[in-house]
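Everything below concerns the one structure shown next.
Here, each number is a calculation from the coordinates, and none is a lab measurement. Bear in mind the structure is a predicted one, so any value in this text is a computation, not a measurement. Because the Cβ atoms are built from the backbone with ideal geometry, glycine has one as well, and the counts that use them run over all protein chains shown.
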Amino acid sequence: MPSELYLGLMSGTSLDAIDAVLLDCRSRPRLVASLSLPLEPELRETLLALCQPGDEEIFRMGIADVAMANALAHAANCLMQEAGCTPDDIAAIGSHGQTVRHHPESGFTLQLGDPNLIAELTNCHVVADFRRRDIAAGGQGAPLVPAFHAAMLRQPGEHRCVLNLGGMANISWLDADARRPVLGFDTGPANVLMDGWMQAQLHQPMDRNGQLAQQGRIIETFLEQLMQHPYLSLPPPKSTGRETFNQAFLQSTLDSMDGVFSHPDIMRTLLEFTARSIAQSVLDLGQQGRLIACGGGSYNPLLMQRLQALLPCFVVETSSAHGIEPQWMEAMAFAWLAWARLHGQPGNVPSVTGARGLRCLGGLYSPTTD
């Protein structure tokens, strides 16, 4: 019997680590094993630099493409070793790659981590380059996780909104009426501005558990400026990334204001910006239901508290209440998208991305056969 084990690799906008999961897709997808490996600091800095225009971009991109592929293959091999698997046990690896540019309005998106090299280094089939097929069909190429959210978490009779809190935040609206289409889009930043401020100003990877933000107060004038960002008022389908929400944007917004602000107050305001922009987007889709959070931001108790306060008619919880550890949701989604590709199933949701129709996503890269 052909293997139905799929390995998912994901490194998101936060650029902190590679998450790797092993998914059993014989019936309802089931997590078998998982691990997370930090990105090497030098590679992380290279990838961050590539997210903005700079000198010798093509050369630096080529070097980073190879380095990222090596890192992704290493994560896959480590997971197989830990799980006691061989490449013959794996139907395919679903590798998202590292996004360094995302411009669907111009018809392109770019993820690094050469799948040819991953196939060579793991001796596994690899499915990668998921986003460009949707963009070719007129879509945003993002978010792509709503199809997996619907497969795993839709519950007829209850409105559910799945919220991914990575670098950026995106939502999947699963209507109580299963006949209605899945909706979703990127709401704006989740952790990217908070993490970026901590890294640039305090040389710490993140505000763990929102401890610094809890010591601060909201700077109302700053928050008002942030909430006026034009992306928030764009109608869906829409998606965003570091091209729009980055430290240069944050610093220019602060520079336009009078006053000197403390780090706790800035962090508290950035957290509130994340919470309010998400709540505004959720309420545009429905007035009550269940909000199921996943991703790194779901471990921030202050952010979760603010979401509950801003969405009083929703039950706010994490995906762990439904048997899925929040950290692994996205990597699981790309393992599942690899399953969909090998089974000829569509992976996009046109009502989310705006594509002209359902499309089978990703290219297939095979290992050596000798």
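Stretched out straight at 0.36 nm per residue, the stretch from Q52 to E105 would grow longer than its current Cα-Cα span by 17.4 nm.
Under the definition of Cα pairs under 8 Å and six or more residues apart, what whole-number percent is the relative contact order of the chain?
Details: 789 pairs, mean separation 82.0, N = 370.
Relative CO of the chain lands at 22 percent.
Using the Cβ of S298 as centre and a radius below 11 Å, the other residues enclosed give a net charge of -2, where K and R count +1 and D and E count -1. Placing unit charges on the Cβ atoms only, positive for Lys and Arg and negative for Asp and Glu, gives the range 146-326 a dipole magnitude near 420 debye about its Cα centre. Amide H contacts under 5 Å for F108: H103, restricted to partners 5 or more places along the chain or on a different chain, H placed in the peptide plane at 1.01 Å from N. Between L271, G297, V182, the Cα set farthest toward the positive side of the dipole of the range 146-326 (charges on each charged residue's Cβ, about the Cα centre) is that of V182.
Give the percent of DSSP beta bridges with both residues in the range 146-326 that are antiparallel, rounded to the nearest 5. Write out the running numbers ahead of the final one.
Numbers: 12 of 22 bridges.
Here the share of antiparallel DSSP bridges comes out near 55 percent.
Within the shell of other residues whose beta carbon sits under 12 angstrom from the beta carbon of L361, the net charge comes to +3, with Lys and Arg scored +1 and Asp and Glu -1. Exposed loop sites were defined as trypsin sites (Lys or Arg not before Pro) in DSSP loop states (anything but H, G, I, E or B) carrying at most 15 other C-beta atoms within 10 Å; in the chain the longest segment without such a site runs 27-178. Both radii are taken from the alpha-carbon atoms of the range 195-349; with Rh as the Kirkwood radius, Rg/Rh is 1.00.
In terms of its alpha-carbon gyration tensor, the range 47-149 comes out oblate; a/c meets the 1.5 threshold, while b/c is at least as large as a/b.
Only alpha carbons enter this Debye calculation for the range 194-270, each as an equal point scatterer, and the log10 of I(q)/I(0) it gives at q = 0.13 Å⁻¹ is -0.42. Where both bridge residues fall in the chain, DSSP classifies roughly 65% of the beta bridges as antiparallel.
For the range 146-326, the relative contact order works out to 26 percent when only alpha carbon pairs closer than 8 Å and six or more residues apart are counted. Among A331, T221, P236, whose Cα lies farthest out toward the positive end of the dipole of the chain, if unit charges sit on the beta carbon of Lys, Arg (+1) and Asp, Glu (-1)? Farthest towards the positive end: P236.
All other residues whose Cβ lies under 15 angstrom from that of R26 are scored, Lys and Arg at +1 and Asp and Glu at -1, for a net of -1. The charge dipole of the chain, taken about its Cα centre with unit charges on the Cβ of Lys, Arg, Asp and Glu (plus for the first two, minus for the last two), comes to roughly 1220 debye.
For the range 276-370, the relative contact order works out to 21 percent when only alpha carbon pairs closer than 8 Å and six or more residues apart are counted.
Evaluated with a Cβ-only charge set (Lys, Arg +1; Asp, Glu -1), the range 245-360 carries a dipole of roughly 500 debye about its Cα centre, given to the nearest 20.
Quote to one decimal, in nm, the extra length available between E220 and H203 on full extension: 0.36 nm per residue of separation minus the C-alpha distance between them. Working shown, then result.
On the way: separation 17, 0.36 × 17 = 6.12 nm, distance 2.59 nm.
Going from the current span to full extension adds 3.5 nm.
Spin-label model, Q280/S3: points 7 Å from Cα along the beta carbon direction are separated by 4.7 nm.
Close amide H partners of A169, meaning residues 5 or more places away or on another chain with modelled amide H under 5 Å apart, are T187, G188, A190.
Taking the Cβ of each residue in L285, L15 as the centre, tally the other Cβ atoms inside 10 Å and list the residues starting with the fewest. Working shown, then result.
Working: L285 17, L15 22.
Arranged by neighbour count, lowest to highest, L285, L15 become L285, L15.
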